[in-house]
Amino acid sequence: MDILEFITNNISTVLALIATGIFAGILAGLLGVGGGIVIVPVLFFLFQGFGVSPESAMVIATATSLATIVPTSISSIRSHSQKGNVDFDLLKRWAVFILMGVLLGSWLVTRIDGSMLTMLFGVIAVLSALNMLFRTGKSALYQKLPGRVALLRILGKAENDLGNFETSFQYYTDAKELAGNTHDRTTNKMFVNAVISGVSRADYFGAPGSESESPVLVVGMPRTGSTLLEQILSSHPQIGGIGESKNLREITGRTGVKFHDGASLVSAIHKVSPDQAQELAKEYLRRSLGAQPNMQRIVDKNLHNFEILGLFAKMFPKARIINALRDPMDNCVSCYLAPLSKFHSYTQDLTSLGQYYCEFRRLMDHWKNVLPNPILEVHYEDIVADTEGKAREVIDFLGLDWDPACLDFQQNENRAQTISTWQVRQPIYKSSVKRWARYEKHLDPLKAELKQFYPDGF
């Protein structure tokens, strides 16, 4: 009997199995649960329709489901691993217990009759359903379904992962347009103009503040490799990290400064006395050192602290500042595609994003000219090209001896709590360099704003 004849003679069975697979797959996708919890009950009733007893039907359905898990799991883990979505450290810690569970479950299934297995599966299915609807301490899942903007971002990410960059970019753009743009370009430019015209090198004579060199600020735009840099630094045994701390903004707020108000910032810089600067510095050290009092350096990676570096310099004129940079086009495109918070409203359209980037660079150039603090520019591309060389340069800039632990940053227990969390757990990769070229046909508004950084063309 050939295959065609076999299919013809069993056409109803074949069609029933195909329909079962399609139905179970769609339902599993909609519910977001493992296919087993869907396919088992479907096969259970299907097999009974073929004349199999209920006791045997449950055993066969369970065994069939378990058999399909092997190839699907292998395929899934390969796909997710290629995207850097597998936490192998966690997997290693659980591997022994997973194996023990598999062996125990395999043994138990030979000792439990079909009716008991049916009841057990029913209980698990009910518990799974209740968990999806009413998770302990959390709102029901139906209350957290993504809105249209979030859905467009999800579709954009999915298309990007598939390599469909044109479609992906359109989804992201649609999401941006739907969310709306609340960024005021004029106000931002006025802020930078006020600071540049109102703060000079002379403002830092005779106001020493604290002599401490412990604080290290990492500032810059989002998506510049700052999280990677922070993880490298905090892997050093003499360097601690406080992440994206609000300490500096909360403490400098005592000067009466209104953030992103140029006149207010200039006034605060001029009025802060040496005594007040020292008191503010003491409070910052108290908060930031906290449980890490023995660390020589404490890294504060609140990137937008670049706006208030003038006040920081009053508090810590000897403290070091690292300006995290990246190719302007890559940086801006990455910001545009990333699910940043409403605080980053300047990313809602390419023109605003480009203008904001230019103002950021203009302000940082000014700080570098007038502040007494050592400022080091660290480019993401340099970290990718020569991780050890750049890491050694930064550690030397911080006045510390080199430690090879800096290259073992993936084992750093000080896990990053940003959207880059999973990226920094992976080996250094270069795929983000020149990423913007994938979307070049859509980037004319951004190019128009950033052309000053590319005198030789894009």
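The values are calculated or read from the model by the stated rules, or taken from the named source; none is laboratory data. Just so we're clear, the structure is a prediction, and the values are computed from it rather than from any experiment. Using ideal geometry, Cβ is built from the backbone for each residue, glycine included, and neighbour counts are taken over all protein chains shown.
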Only one residue in E213, E230 is surrounded by 15 or more Cβ atoms within 10 Å (Cβ to Cβ) and assigned to a loop (DSSP other than H, G, I, E, B), so which one is that?
E213
State whether the residues of the range 154-171 include one that is over 30 Å from A437 (Cβ atoms) and either at pLDDT 85 or above or not aliphatic (A, V, I, L, M) (or both).
no
In this structure, does F306 turn out to be of a type in the set (F, W, Y), within 30 Å of Y172 (Cβ to Cβ) and assigned by TED's automatic domain parsing to the domain that holds P372?
yes
Just need a number here: residues in the range 336-347 that are assigned to a helix (DSSP H, G or I) and either surrounded by fewer than 20 Cβ atoms within 10 Å (Cβ to Cβ) or of a type in the set (A, V, I, L, M, F, W, C) (or both).
5
Checked the range 178-210 for anything without any contact (Cβ under 8 Å) to a residue 12 or more places away in the chain and outside any helix (DSSP H, G or I); matches are D184, F205
Those residues of the range 258-276 which are among the hydroxyl-bearing types (S, T, Y) and in a helix (DSSP H, G or I) amount to S264, S267
